[in-house]
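In what follows, a single structure is set out as structure tokens and then discussed.
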């Protein structure tokens, strides 16, 4: 199969919407890292900037939707082109959600800086967010290179994030039991950890879209899950 | 890299186009001028031809007549002797009544020559039809003989010395007297269409030729139309495309270009020689013309069949029509206007054809119209040929008149072809 | 309605109407169709797509032996209709074509009245015993072609006076008048405007209830809209044959993919 369409503007349009997605992905990656950094450094200014930057992600998602709608109407894409447009729309939605979680982290940072820091928690959250950021980066690379194997790898790595979340969950529980004054801060930190875990799920969804784009089929095996907090009582 | 600015400035495309525009316009005007000149020349030639024919021919459409009160003298024409009798003398006597002082036999004979040779037979036919007219005085209007017809129409110059003139001074005087008496009239020459050929121009007509041509064309049509269409349908729709059919096709196209005299020779050898058919008969003429017309009809029919869009054939085949149902139910009806047009043009060509008819003897001198296609007859073009050959002055204008009649028929047939084409042309 | 995933779904399968095995078509020395095997189902619209000259029309014309009219064309292999070899010596093409109707690219009504256009097939096949019979057949065919309401008051006016879309539906009525079992359509909408195209497409979908319809089209969107099965032809080969949804979202052969996405291939 040749890569180029007979109608050259078709190629340009397809490239344009994929460029939008990449730009969006870049903004979201930065938002993940910066929100974690602002939490670790108790940097209110950076947190404020992350919150503001999310608007750009929302706008980009809106543009991606418009371009995809236009493309569907004007070019009636089929086969791999159709799958490209469909996955672009879904990935856009996923990225937008990830952006929202990052913004939420930054918001909670604004509250947390006014409280006593919980030892070690900021570092753990930063590691977790870096893992998610790396997954997102790989997922987007897999998208650009149409690399289903890399996407499958990303999908598997979500388990690590889940395990990190499990560990943090238990840790916060311990802190709260030790000293009830920690409860407010730990609740916020827990939400942040949960948000990062959700980001991982969205990245997994993106990876699955990449697999659909490349193979034409959604992965049929169970999504790897290690977040047991919802189904088991914690052993402390 | 070459320096563009250093070279001569390149003309922009508009300028290049404009530079060549004058030349292109001149070429166009020249071409149009040439076309116009060609058309004008052709039109001029046609106008000259028709003009000269009308100039000489129009006089043949009238004929000088003389009106006489004829006393049917029972002494000259006894009822018992019919159909014999002194008809000529009675007519001459009636003429002598009008010109006093003509006594001698020589003078009487000269006076009698004013009347057409046919006048006495007209009187005879009338008396035979009604013998009770014997002993009475009847009014007869009869043609004058050719020299006096010429004189009336101004074709004989009165200034010419008497010795070189066909009518003498004395005879001109008699004729003028008759004119002064109001006995001379010049009505439409119905005889041109009602009479068959004659040695005497004033009596000669085209009836025999017209009927002969009609018979010949009918025979030609009845033979060439079905045979031509049949051959064309077979070749176009059913014949396998191979070397044999290619050969046949080439031969048919060549046949259409064979000079007509060759067909005449063929007919002479085959129809007259081998089959011993009758000479001069329109039936044989029709057969000969059919030989000639058939290739034209085959070619026209094949072209018309080819012009029927394949979508119609496919449509009919698609609902399960067999090949002959396709051809006879759809293709042929749609091709019919084209076929008819081709046929009429072929027949018009046959109508004007002379050479093959000459060879089978349709240029015989026959004074009665044929009543069947097997009677001897002439045809229009051969009649023109005969008249053009005749020495009498009266035949000069009659030849032109006959050509005009032939041209009229050709124009009518071609007009019919155009009418059919426009009327039945289908849009699909 | 659709409770299993696309990739596992095939069109509701009907019994096989036309079956082709190892079909090769030659134009003189030139092999236009190369070893085509295909099963065309009853009560299904099957679309043939492919670039110009890929042999899809040629193959379509094998199915009612329209290629017989071309001297240099020869068909090898086996094509069966209801299990019967249509190229067997005992089968007359005339009889076959009454059973396998055809609609052509350009609307080609006969230059006759609407009534005569529709009644022609039944008449030549002797399907009507009386004028009343024929009236009934004509009305039924026109109704089936969704044309009856538009022309019932002017059955005696010429078929060529109708609009392009109406003419094409008249041709469909003419084809269904002989009660065929299979309808072959060779680019039936290529000469029509979008409204008329939509009407013909709707009609094709309705005809599916009674006939096996095979349609050759250059418009992939049309193939996607009207067909349940799609066959992609390329250079005389049948490259891919499958459920239409699958062909248009996830074709297996790269040649199919290139063609339907409009890539240089």
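Observations
- Fewest neighbouring Cβ atoms within 10 Å first, the residues C:183, C:155 line up as C:155, C:183.
- The stretch B:207-424, Rg to Rh (Cα coordinates; Rh as Kirkwood inverse mean 1/r): 1.05
- Remark: relative contact order (the stretch B:167-250) = 13 percent; criterion is Cα-Cα distance under 8 angstrom and separation of 6 or more residues.
- The three principal axes of the Cα atoms in the stretch B:319-396 give end-to-end lengths of 70, 25, 19 Å, sorted in falling order.
- Tilt relative to chain A, helix A:79-112 - C-alpha long axis, 0 to 90 degrees, to 10: 20
- The stretch B:283-337 and the stretch B:381-406 have Cα centres separated by 40 Å.
- Against the empirical 2.2 N^0.38 Å (N residues), the stretch A:76-154 has a Cα radius of gyration ratio of 1.49.
- Spin-label pair residue B:244/residue A:115, simplified geometry with 7 Å Cα→Cβ offset, distance in nm: 10.7
- Shielding of B:308-315 by partner chains, average beta-carbon count, 10 Å: 5
- Rg/Rh for chain C, where both radii come from Cα atoms and Rh is the Kirkwood radius: 0.97
- The stretch B:96-139 and the stretch C:17-42: distance between their alpha carbon centers, rounded to Å: 98
- log₁₀ of I(q)/I(0) at q = 0.09, 0.12, 0.18, 0.21 Å⁻¹ - the stretch C:26-153, Debye sum with one point per alpha carbon: -0.35, -0.62, -1.16, -1.34
- Once you divide the Cα radius of gyration of the stretch B:13-59 by 2.2 N^0.38 Å, the number left is 2.13.
- In the stretch B:238-284, the ratio of gyration radius to Kirkwood radius, Rg to Rh, stands at 1.18 when only Cα atoms are counted.
- Ranked B:71, A:165, criterion: other C-beta atoms within 10 Å, fewest first: B:71, A:165
- Mean projected area of the Cα convex hull of chain A, taken over all directions, amounts to 13.3 nm².
- Computed [θ] at 222 nm, deg cm²/dmol, the protein assembly as shown (DSSP H ≥ 4; -39,500 (n - 2.57); rounded to nearest 500): -19000 deg cm²/dmol
- Where the Cα pairs of the stretch C:127-265 fall when distances are cut into 5 Å bins, in %: 2, 9, 17, 19, 16, 13, 9, 6, 5, 3, 1, 0
- DSSP assigns beta bridges within chain C; of those with both partners inside it, close to 60 percent run antiparallel.
- Averaged over residues, the count of other Cβ atoms within 10 Å places the peptides B:112-120, A:211-219 in the sequence B:112-120, A:211-219, highest first.
- Over the protein assembly as shown, the pair-distance histogram of Cα-Cα distances with 20 Å bins from zero comes to 10, 22, 21, 19, 13, 8, 5, 2, 0 percent, rounded to whole numbers.
- All distinct Cα pairs of the stretch B:164-266 go into the 1/r average, and the inverse of that average, the Kirkwood radius, is 19.6 Å.
- Divide the volume of the convex hull around the Cα atoms of chain B by the residue count and you get 305 Å³ per residue.
- The stretch C:93-115 and the stretch C:204-238: distance between their alpha carbon centers, rounded to Å: 19
- Ranked B:169, C:42, criterion: other C-beta atoms within 10 Å, fewest first: B:169, C:42
- Residue with peak Gaussian network fluctuation, chain B [Cα springs, cutoff 10 Å], from B:289, B:406, B:31: B:31
- Percentage relative contact order, chain B, counting C-alpha pairs under 8 Å, at least six apart: 19
- Counting DSSP beta bridges with both ends in the protein assembly as shown, the antiparallel % (nearest 5): 70
- For chain A, averaging the sequence separation of C-alpha pairs within contact (under 8 Å, six or more residues apart) and dividing by the residue count gives a relative contact order of 24 percent.
- Nearest 10 degrees, 0 to 90: helix A:183-215 Cα axis against chain A principal axis: 20
- Alpha-carbon Debye profile of the stretch B:71-168, log10 I(q)/I(0) at 0.10, 0.13 Å⁻¹: -0.32, -0.52
Just so you know, all these numbers are worked out from the coordinates, no wet-lab data involved. Keep in mind that this is a model prediction, so the values were computed, not measured. Every residue, glycine among them, receives a Cβ derived from its backbone with ideal geometry; neighbour counts consider all protein chains shown.
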